[in-house]
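The values are calculated or read from the model by the stated rules, or taken from the named source; none is laboratory data. Note that the structure is predicted; figures quoted are calculated from it, not measured. Using ideal geometry, Cβ is built from the backbone for each residue, glycine included, and neighbour counts are taken over all protein chains shown.
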Amino acid sequence: MIYDVSPTAIVVFLLFVGFTLGLSFWLGRKAKSSEGYFAAHGQIPWFVNGVAFAGDYLSAASFLGICGMIAFYGYDGFLYSVGFLAGWIVALFVVAEPMKKLGKYTFADALDAKFNSKGIKLAAGISTLAVSIFYLIPQMVGAGVLIQPLLGFPHWVGVLMVGAVVITIVVTAGMVSTTYVQFLKGGLLVVFSAILTILILNRGLETKSNFKELGPVAWDALETAFADKEIEILPNDGIWKDKLDSDQRDYVVSRNPNDPPGKITVWKQVKDANNLVRLLECQLLETRAGKRYINGLPEGTGEGQAQLEPVGSLSKLPDDKTETGPLGAFGFIKTIQNSEVKLWRDDKKFPSLKNGDKATVYYPKLVPGSQVLRPGEHPKFAGIRRDGIFDKLNFLSLMLALFCGTASLPHILIRYYTVKDAASARKSTIVGIASIGFFYVLTLFLGLGAMTSGAMDVSSSNMAAPLLAKSISPLLFAIISAIAFTTVLGTVSGLILASSGAVTHDLAVSFLGLELDDQAQVRLAKIASVVVGVIAIALGILFKGLNVGYLVGWAFSVAASANLPALVMLLFWKKTTKQGIIAAVIVGMVSSLAWILLSQDTFKSVYGIADAQGVVPFSQPGIVTIPLGFLTLVVVSLMTGKSKS
Amino acid sequence: MHFNMKLGLTLFAIYLLFYCGFVFINTFSPQTMEQTPIEGVNVAILYGFALIVSAFALALIYGVFCRPEEEVNSTSDPVATTKGDV
């Protein structure tokens, strides 16, 4: 059984959230002015700010998404780790100091420092909102995903809880409490990931699986070969007739006379070089009239019921060993490189036992470790192994967006205003890079550890990291889940704060010209936080089925396309005009959003059109829309150069 | 151009080349990434780790060599000094 609600988990979890909220209230007493609310008076020590960078940046996508992707597909998830970290180089070397010198509260401040233009404030304010909300969706979905197994609540309750807690944090104290929540969570995340990694290496690797493997036998002998093991291969008739009736078929269905009635076992058929057949045990999930059935039995823990069993194992170790004992960091990787891994894939085209309902078969796939550790195994990255130019462009585009995106994320940029000067901004970025880089190195071990932990949920890659912890100890599971939850809290608080800053400062005060005193600004910001929070809750519930890591790459694309050209050109090109900046922000934002909405990935996973082609040739917009932003800025600036006041 | 900015851009260019190497090998020669030159660990992982470690190394170099004097005359944030109410 994969999940069970444990009292320890709930106690640890409530302690975490309670402590976080208490801290927030306590710190909140100090922040009354808008300076304090948006920028923590510029008084956060650089080291705290640096770790808070990590807390802000290492979102649910990093922790849950990357670990899950590595656990299910191998190396490819690590490409995100590398790209996410590389982006900090842009932030540190190009953006950090000028941002600090030019701005005061928001990203728009810095863009507008030379021009004092309402248009720039409006465009930058809207792009901040767009990026933040885009980024909020996966965080909220992640929260729901976590709460479900941890506390046993449905998805929407989890989303609602995160929303409520975050709104409380942001409204009580703004940037001060947000910073300390992020500091706490960033520190805990890195420390506990390190502990988890040490435990994984100490545990070593072993071959152990709850799933049976039969054969090899000749195809003709299949029907009778396993009779002594009380496995009766079912004939190919009824609803399987067309699907399963030749020796080319993928699956074989069997039953054991001793099993409860209705129970069946699905086997994946694998042929070896000698044309002998091996059968690998699968798991079948059906939805009949709204109820879930596992291997033909209703889902549940009672008599005559069944559940999806946890997966994740090595099928072969080098030198035919069955376990390795403790391993070093490189030894761990080397051993996997020379092993064979049982990865799990799903096939949604399996014919259901009852007509017209959905069935998914989860089947094992034996993959050599050398393939698990190479790039290009995940369907999204498989393009690099094909010759098509668009496939390769798609990959380049993603890596470009990751590189350029970090330095364009509004909730990261505002953290430059919470320290006192440019030197502190620089130092805190270095601390940020150290903690984030260390964490990303660990993601590879966490992911591979999860892959071989025997505790994975075949139906949800997002839960890989917490379930890995569970395979070691239930207490660790509770702690890691609570940290993952505070991870969501920290990032969501930062995003909501960035959005409310944009609404208050850029849109209301600067663009609409409302004359608000300090108190009124803070009040408006708090109202804006509540509104953005409610929107985030709604979107989190709406996009329930989406993979947590999915939207983040796109949020990076939109941020990089809309914000980076304006930011960089403002710093390095003297002929930049305000019209150029406005045009670049708008063109970058609209073109990247439009590209995403028209892409094949969106058609498939958001609109649910399985065989759609998409209007644009590949899914990741960055490689087109980032240069487009630069081009727009240059062209418009040259056209309007003389009218500059 | 200020010293800090020049230093930052130089280090940025170095890292950019290193990162481009990683991305282009992945894109156009993925089989290179499968080679295992050191300790049975493949290029993909070694290069990835190297990118992370070198980001930190370059950041440290930047931190050590940046000149502090520029900040004195360029802190142009008058509001922060008048409004702070801690």
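Some values worked out for this structure:
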{"item": "Meets criteria (outside any loop (DSSP other than H, G, I, E, B), hydroxyl-bearing (S, T, Y) and either more than 10 Å from chain B (Cβ to nearest Cβ) or closer than 25 Å to B:I61 by Cβ (or both)) for A:S453", "result": "no"}
{"item": "Those residues of segment A:112-145 which are in a helix (DSSP H, G or I) and in contact with a Lys or Arg (Cβ under 7 Å, 6 or more places away or on another chain), in sequence order", "result": "A:D112, A:G119, A:I120, A:V141, A:G144"}
{"item": "Matching residues in segment A:173-220 - criterion: being under 20 Å from A:S435 (Cα atoms) and of a type in the set (G, A, S)", "result": "A:G186, A:G187, A:S193, A:A194"}
{"item": "Condition met for B:G84 (at the interface with chain A (Cβ under 7 Å from one of its Cβ atoms) and at pLDDT below 85)", "result": "yes"}
{"item": "Residue that is farthest from A:V190 (Cα to Cα), among those in segment A:395-438 that are in a helix (DSSP H, G or I) and among the β-branched types (V, I, T)", "result": "A:I414"}
{"item": "Number of positions in segment A:299-322 that are within 31 Å of the chain's Cα centre (by Cα) and over 30 Å from A:G369 (Cα atoms)", "result": "4"}
{"item": "Some residue of segment A:369-381 being more than 21 Å from A:Y80 (Cα to Cα) and not small (G, A, S)", "result": "no"}
{"item": "Answer residue from segment A:286-298, given it is closer than 26 Å to A:S461 by Cβ and more than 28 Å from the chain's Cα centre (by Cα) and is surrounded by the fewest Cβ atoms within 10 Å (Cβ to Cβ) among those", "result": "A:G290"}
{"item": "Residue check, A:S339 in contact (Cβ under 8 Å) with a residue 24 or more places away in the chain, small (G, A, S), under 22 Å from A:L373 (Cα atoms) and not assigned by TED's automatic domain parsing to the domain that holds A:G449", "result": "yes"}
{"item": "Failed criterion for A:P379 (all others in (1) assigned to a helix (DSSP H, G or I); (2) more than 11 Å from chain B (Cβ to nearest Cβ) hold)", "result": "(1)"}
{"item": "Segment A:132-161 residues that are of a type in the set (A, V, I, L, M), paired with ones that are crowded, with 24+ Cβ neighbours inside 10 Å and not in a helix (DSSP H, G or I) (beta carbon under 6 Å, 6 or more apart)", "result": "A:V141/A:V548"}
{"item": "Those residues of segment A:71-99 which are among the small types (G, A, S) and either within 7 Å of chain B (Cβ to nearest Cβ) or in a helix (DSSP H, G or I) (or both), in sequence order", "result": "A:A71, A:G77, A:S81, A:G83, A:A86, A:G87, A:A91, A:A96"}
{"item": "Qualifying residue in segment A:405-418 (condition: facing another protein chain (nearest Cβ under 8 Å) and closer than 17 Å to A:G42 by Cβ)", "result": "no"}
{"item": "Test: residue in segment B:40-49 that is modelled with pLDDT under 85, under 17 Å from A:E97 (Cα atoms) and among the small types (G, A, S)", "result": "no"}
{"item": "Flag if A:V492 is at pLDDT 80 or above and within 17 Å of the chain's Cα centre (by Cα)", "result": "yes"}
{"item": "Where A:G369 falls short, out of the listed (1) small (G, A, S); (2) away from chain B (no Cβ under 14 Å); (3) touching a strand residue (DSSP E or B) at 6+ places or on another chain (Cβ under 7 Å)", "result": "(2)"}
{"item": "Top-ranked residue of segment B:22-57 - restricted to ones that are part of a helix (DSSP H, G or I) and over 24 Å from A:F445 (Cβ atoms), ranked as nearest to the other protein chains (Cβ to nearest Cβ)", "result": "B:T27"}
{"item": "Residue ID - farthest from the other protein chains (Cβ to nearest Cβ), chosen from residues in segment A:299-337 that are surrounded by fewer than 19 Cβ atoms within 10 Å (Cβ to Cβ) and among the hydrophobic types (A, V, I, L, M, F, W, C)", "result": "A:L327"}
{"item": "Only listed residue being farther than 27 Å from A:V558 by Cβ and of a type in the set (S, T, N, Q), chosen from A:Q182, A:Q139, A:Q148", "result": "A:Q148"}
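Each row is one residue, and each column tells you yes or no for (1) over 20 Å from A:I596 (Cβ atoms); (2) free of Cβ contacts under 8 Å to residues at least 12 places away in the same chain; (3) of a type in the set (K, R).
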position	(1), (2), (3)
A:A508	yes, no, no
A:E515	yes, yes, no
A:A520	yes, yes, no
A:L539	no, no, no
A:L551	no, no, no
A:Q579	yes, no, no
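One line per residue, one yes/no per condition, for (1) assigned by TED's automatic domain parsing to the domain that holds A:L467; (2) on the phi < 0 side of the Ramachandran plot; (3) not hydrophobic (A, V, I, L, M, F, W, C):
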residue: A:N274; (1), (2), (3): no, yes, yes
residue: A:N295; (1), (2), (3): no, no, yes
residue: A:E303; (1), (2), (3): no, yes, yes
residue: A:I333; (1), (2), (3): no, yes, no
residue: A:L343; (1), (2), (3): no, yes, no
